[in-house]
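*Asks:* What follows is a structure written as structure tokens; I'll ask about it next.
The values are calculated or read from the model by the stated rules, or taken from the named source; none is laboratory data. No experiment lies behind these values; they were computed from the predicted model shown. Cβ atoms come from the backbone with ideal geometry, glycine included; neighbour counts cover every protein chain shown. Heads up: the accessible areas ignore ligands, DNA and RNA and are worked out on the full protein's heavy atoms, side chains in. Shrake-Rupley method; radii C 1.70, N 1.55, O 1.52, S 1.80 Å.
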Amino acid sequence: MQDTILDMLAVIMVVVTLWFTYSIANIIVTIFNARKKDKDLKFCLSRNGYIFYIILTVLYLACFIGGIGFSIYGITHGYSAWYRNGMNVAAFMSLVYAYMLSSIVLLGKKNMMVGRMLIDYRKLKKVNFTFDNKMSFVYMQKDFNFSTRFADKKELRKVIFK
């Protein structure tokens, strides 16, 4: 009975891993397509942001590939704990990387891109930078906010408030 429940949870982790991996691929493809259309879009990251995202990307790839490898090894050799733990690691790192990638900021001459959303500067209303590393604004009558923890805040302010 307990093995059946754990196997069901492992299947759910496979679905979670696939969903967040799809989300990651979607964000990356959207960034590449937007940069292809608008050559002026550049990453607006501080030095710490570049270092953080490089380390996070390497860690994500290592944990994702390692987790899938452990899962395959566990399936082929009959080690169900290896399979479950491998899927847990892959699902957790996919969740973390998708969340962090959704708050990456790109700046251009007329547009700003946050995650997958391309925003025109001229249509921003009520822009507010808070002390807890967040930026909030109204765009098309909807409130948005995102983390500016790893963004270059000086560059972001300079472009938005000109």
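*Asks:* Sequence gap at least 6, Cα distance under 8 Å: using those rules, report the relative contact order of the chain to the nearest whole percent.
*Replies:* Averaging sequence separation for qualifying contacts and normalising by length gives 24 percent for the chain.
*Asks:* Right, here's the next one. For a quick size check, give me the Cα extents of the stretch 4-63 along its three principal axes, largest first, whole Å.
*Replies:* 53, 27, 14
*Asks:* Show me 74-82, 87-95 ranked by packing, highest mean number of other Cβ atoms within 10 Å first.
*Replies:* My ranking of the peptides, most packed first, is 87-95, 74-82.
*Asks:* Ignoring ligands, DNA and RNA, what accessible area per residue does the chain give at 1.4 Å, in Å²?
*Replies:* Per-residue accessible area for the chain comes out at 65 Å².
*Asks:* Report, please, the projected area of the stretch 73-162 averaged over directions, based on the convex hull of its C-alpha atoms, in nm². Write out the running numbers ahead of the final one.
*Replies:* Details: hull surface 32.1 nm².
Mean projected area for the stretch 73-162: 8.0 nm², to one decimal.
*Asks:* If you don't mind, there's one more thing I want to ask. Just tell me, in residue order, which DSSP H segments of the chain are both 18 angstrom or longer along the helix axis (alpha-carbon based) and at least 1.0 in mean Kyte-Doolittle hydropathy.
*Replies:* For the chain, where a helix must reach 18 Å along its axis and average at least 1.0, the hits are 2-37, 47-77.
*Asks:* What are the principal axis extents of the Cα atoms in the chain, in Å, biggest first?
*Replies:* For the chain, the Cα spread along each principal axis is 62, 31, 28 Å.
*Asks:* Moving to a separate point now. Taking 0.36 nm per intervening residue step and subtracting the Cα-Cα distance, what contour gain separates residue 96 from residue 37 on full extension?
*Replies:* Gain on extension, residue 96 to residue 37, equals 18.4 nm.
*Asks:* Roughly speaking, to the nearest percent, how much of the stretch 45-87's 1.4 Å accessible area is carbon and sulfur?
*Replies:* Exposed carbon and sulfur together represent 74 percent of the surface.
*Asks:* Where does the charge balance sit around residue 103 when Lys and Arg score +1, Asp and Glu -1, over other residues with C-beta under 12 Å from its C-beta? Before the final figure, lay out the partial values.
*Replies:* Working: positive: 116, 134, 149; negative: none.
For residues surrounding residue 103, the net value is +3.
*Asks:* I'd like the FRET efficiency for residue 128 and residue 103, computed as 1/(1 + (r/R0)^6) with the beta carbon distance as r and R0 of 25 Å, rounded to 0.05.
*Replies:* Values: r = 17 Å, r/R0 = 0.66.
With R0 = 25 Å, the Cβ-Cβ based efficiency is 0.90.
*Asks:* Report the paramagnetic label zone for residue 15: residues of the stretch 60-84 whose backbone N is under 18 Å from a point 7 Å from Cα along the Cα-to-Cβ axis.
*Replies:* Taking a point 7 Å out along Cα→Cβ of residue 15, the residues of the stretch 60-84 whose backbone N falls under 18 Å are 84.
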